[in-house]
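First up is the structure itself, then whatever we jot down about it.
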Amino acid sequence: MSEADLEVLFNETLAARRRVYEAAGATPLEKLELGTDEEVYVKREDTSPIHAYKWRGAYNRMKLLSDEERERGVVCASAGNHAQGVALAARKLGTTATIYMPRSTPLMKQEAVKSIGGAAVKVILEGDAYDAASAAAKALATETGQTFVHPYDDMAVIAGQGTMADEIVMAGVGAFDVVYLQIGGGGMAAGVACWLKRYYPEIEVVGVEGVDQASMAAAVKNGSPVTLEYLDVFCDGTAVKRAGDLTSQFCAKLMDRFVTVTNAEVCAAVQLLWERLRAIPEPAGAMGLAAWMKERERCRGKRVLTIMCGGNMDFGQLSWIVRHAGIGSAHRKYYRFEIEERPGALLSLLETFPEGVNIVEFQHGAVQGRSAKPVIGVDAMPQVLALFEQSLQGLGIPYEDATGQEDVEFRIIHYDASMLVRPLFIRIEFPERPGALKEFLGNNCQDASIVYFNYNYTGERVGRALIGFDFANEAARAAFCEAVLERDTVLRYAKEISADALRRIV
């Protein structure tokens, strides 16, 4: 890749400016209000007509179709945003598009493509992943003579994506020191980096990839594209197994370095964008900000640019994102403790938790043996968590960091029902505030063995938990029922589970 090739891309982007704004207008550049002196700007591509930047490249490429090519129509493959961009261009340019999507594509994204394109588009579901859909689309293009509109590995597509960089420069906020650009196939990164480096020669361009999506870094290191054996699809907008032939050459020339981010770090960035901008990006849309958060100390005193490249969030992903955002920002950890299997042992453990450490999850079940191993998830500032661990060590309380362990991640709670003699399982609701749950346990559970505890913070004003107790005698069981189920306590609600449910679990 030579300087002449970069000049070609720059001029193609210059020409693209005259085309793309037939389809839609410029998107805003917003400063992230962090309450500090840090300067971080976010390019809001989620505000475009398709809630992502892909319309730029698709429209620019399809605007170049000859009358004959437009008459035949186009074909493409996409799991979401590129499909919507092609659909928009097809409708506005008076052509047709056959769009192949994997069968696993969420219905929301399928319906969005049909809604945007109307009668101009035909959606065909093919295969379980993008590769199968792409192969089918290319086969149809070969058979019919229709133009295949590539999602990234095409000069006109790359140039179209680069128009967002022109808007950044024209925003008049001045030069940036560093830009974090998420990379899937590399079209956006190549187009934006080419333009920004022309106007901000000193800018550091950082390519951002998911830990199990780093096909571009692998291509640059290898000197040519390689195919990843495994591809994580949580950030589905950047889930590309093999970087483009053309884009990898541009990225090798334009990227100063690469950084990877975890899914949990992306979740933390999604949370920050919601808290500061009231915007919910799709996971790929938050990757650039996630990289800045990861390198925040390195960026002190620098002006930072990130791209929120899309906002087509699958609603079903939100619960996973919420649960993992704290892990990604180092504010949440899961601990596996070892305590004696006796009444009051769990309460004694909770009494060692200092203020500032909020319990957000309980996973505990009684099993055979002299010890129990409850898993407790907590939220706190990183420095508070460090002090908490020092306190545990000083008190001689055995624990391990269980964050990310498979059984914890999937909430597998083992317990041995054969151990139970006089079981009582209750559903409770309590005020979701620090200390409320500990207050309930401390005031009412001294004579009860906690044999099962299932609680997960949901963000509501109330916490909900299923707790199982066992008792040494009937008198203790009856006294507990009277105290908890028949009197006012800190709980908002307490009810014994149904007899049918109890039979199923014990």
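Brief remarks on what is shown
- Any hit, the range 391-411, residues being under 35 Å from the mean Cα position of the chain (by Cα), under 30 Å from GLU482 (Cβ atoms), at pLDDT 95 or above and open to solvent by less than 40 Å² (accessible area, probe 1.4 Å): no
- Apart from one condition, VAL270 fits all of (1) open to solvent by less than 40 Å² (accessible area, probe 1.4 Å); (2) within 14 Å of GLY207 (Cα to Cα); the exception is (2).
- Filter pass, ASP153 being open to solvent by 30 Å² or more (accessible area, probe 1.4 Å), touching an Asp or Glu at 6+ places or on another chain (Cβ under 9 Å), in a loop (DSSP other than H, G, I, E, B) and not aromatic (Phe, Trp, Tyr): yes
- Selection within the range 99-131 - open to solvent by 20 Å² or more (accessible area, probe 1.4 Å), at pLDDT 90 or above and of a type in the set (A, V, I, L, M, F, W, C): ALA112, ILE116, ALA119, VAL121, VAL123, ILE124, LEU125
- So ASP212, is it in a loop (DSSP other than H, G, I, E, B), without any contact (Cβ under 8 Å) to a residue 40 or more places away in the chain and open to solvent by 30 Å² or more (accessible area, probe 1.4 Å): yes
- Top-ranked residue in the range 139-150 [being part of a helix (DSSP H, G or I) and touching a residue at least 12 places away in the same chain (Cβ under 8 Å); ranked as most open to solvent (accessible area, probe 1.4 Å)]: THR144
- Within the range 190-231, the set of residues being under 23 Å from THR262 (Cβ atoms) and touching a Phe, Trp or Tyr at 6+ places or on another chain (Cβ under 8 Å) comprises VAL206, GLY207, VAL208, GLU209, GLY210, ASP212, ALA214, MET216, ALA217, VAL220.
The values are calculated or read from the model by the stated rules, or taken from the named source; none is laboratory data. Source: prediction; values computed, not measured. Here the Cβ is made from the backbone with ideal geometry for all residues, glycine too, and neighbour counts use every protein chain on show. In case anyone asks, the SASA skips ligands and DNA or RNA and just uses the protein heavy atoms, side chains included. Shrake-Rupley method; radii C 1.70, N 1.55, O 1.52, S 1.80 Å.
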